[in-house]
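Okay, so here's the structure we're looking at.
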Amino acid sequence: MKRFIGLALTILMASSLTTAAQEKAKLDAPSLAKEIDRLIQQRLDKEKVPPAARADDADFLRRVHLDLTGTIPAYEKTLAFLESKDPAKRTKLVDDLLASPHYSRYMAGIWASRLVPRELSSPGLNRNVMVERLGGWFDEAFQKDKPWNKVVHEALTATGRPEENGAATLFQNGEVDKLTDAVGRMFLGVQLQCAQCHNDRLDRPWQRNDYWGMAAFFFKVRENRGKNEGTPGITEEPSKFGKRKLPETAKIVDPKFLQHDTPKLDPSGPLRPVLADWLTSPKNPYFAKSMVNRQWAHLFGRGLVNPVDDLHEKNPPSHPEMLDLLTAQFIAHDFDVKYVLRAICLSDAYQRTSATSVSRKDSKTDAVSLFARMAVKDLTPRQMKNTREVLLPKKPGNGPKAQLYADLIEDADATEFRKGIPDTLGLMNAKETGQFIKDLANRIVPNKNGKAAGENVELLYLHILSRRPTDAERIRLTAYLDRQGQRAYQDICWALLNSAEFLLNH
């Protein structure tokens, strides 16, 4: 009897120790930020690369607004932040932005655009409508702070009319190869598309059976549009109107998890829930890791594994221990997306300047890939549109058209400047640009507003660049205003809007 009591006590103590260790291992966001900085500094010391200085308040303010809400801060918020003496103001700003509806709307738009392909298989589909419906569904999920594993599980098993259940929009395009490619890239961080026709020959481990084993989970998905086809909307059932059309490259194999076992399935039941259970499991080797890598890339311009959708053994992370830590904490915090974003934004690494120093002789490879300084990121079309509406909120449709900033490459390297001559000429000379600048100048500096020229120059800088002008800028532009008069305010707006400082997230 004593032996059994002793055994029970031993098991109880071991259980308590395990629980205590797990609680100790679960870090809050500020503690995770410190671990991020420790691991980065460890690598910088090894490579003998000195870290950049801390970004000033104006740079941080603009950067974190663009990264978390997709737009620059409004003038009133800029002024309040720059004048605040609160030592915790950066932490409070991050919390405020993550709690704002602008955050959920921005993230929803990004995910919806990524998941709805630009080339649709059916002429009856409207991509703009599809993105709007899926974006609305993601917006609600981000607003409610729904755990990422539940978001993805609900998305992968969605049924019904897309206009009633936005997640069902994912399956409107319908082609199993497109679905397999998207699920692999966006939710697992792997590029499976090459294995559709042959075993991958680019050092990736994916075989053709891997591809079609994953694709088989979507074989029973249908979109019933006609009145005679049963339940309308997205369903998962064998079609009584013939076999599903498959690509010529299709290989019929049993449904199989990526490089894992073939599950036991009910032939008469739906297949997607089985896939969703495996894909969103904490034990899945790709799911959580893929998401934290995307979050890191969203904020830094490049992933710990780069490209972000190419996770495999022969493409190792720049900081393996860091990726493992972020993944473990993401899972421990029930797949809380905001938790990881908050921790990264609070780190010294995220708050470093992007400015380089000749004396440090750093290069993009050394400094940016090691996160010794912040990368300079090209503003996306979405950010340009949102920023335009912050600058001139009363006329949201005014200004340069969105297509001037069109970039059809999803998940391109954010640190590459992708705007070309047409974009530049459009921003400089388009009729819409001229009207936008005229309206903007009149809004910020109305005629005879009673302020000195130097004060008005400061207003323009605070509105457009989210900072105050330097003494040299103020003196130079004040002299220009003295020579040119009121019309010169439009010229200054034009110059600021076309500056690299405005067009880049730095």
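None of the figures in this text is laboratory data; all of them are computed from the coordinates on show. Predicted, not measured: the structure shown is a model, and the values here were computed from it. Using ideal geometry, Cβ is built from the backbone for each residue, glycine included, and neighbour counts are taken over all protein chains shown.
In whole percent, what relative contact order does region 134-187 give with Cα contacts below 8 Å and a gap of six or more residues?
Worked out over region 134-187, it gives 34 percent.
Please list, in order along region 478-491, the HN-Hα scalar couplings obtained from phi with the Karplus expression 6.51 cos²θ - 1.76 cosθ + 1.60 (θ = phi - 60°), rounded to whole Hz, x for Gly and Pro.
For region 478-491, the Karplus curve yields 5, 5, 5, 5, 4, 7, 9, x, 4, 4, 5, 5, 5, 4 Hz.
Counting other C-beta atoms within 10 Å, which of PHE335, PHE502 has the fewest, and how do the rest follow?
PHE502, PHE335
Full-extension gain between ALA99 and TYR75, please, as 0.36 nm times their residue separation minus the C-alpha to C-alpha distance.
6.7 nm
Sort 324-332, 336-344 by the packing proxy (mean of other Cβ within 10 Å over each peptide's residues), most packed first.
Taking the mean over residues of other Cβ atoms within 10 Å, the ranking is 336-344, 324-332.
Apply the a/c threshold of 1.5 to the C-alpha gyration tensor of region 298-352 and tell me whether it is rounded, prolate or oblate.
Oblate is the answer for region 298-352, as a/c is 1.5 or above yet b/c matches or exceeds a/b.
For a quick protection proxy, order the peptides 288-301, 458-471 by their average other-Cβ count within 10 Å, most packed first.
Listed from highest to lowest mean packing, they are 288-301, 458-471.
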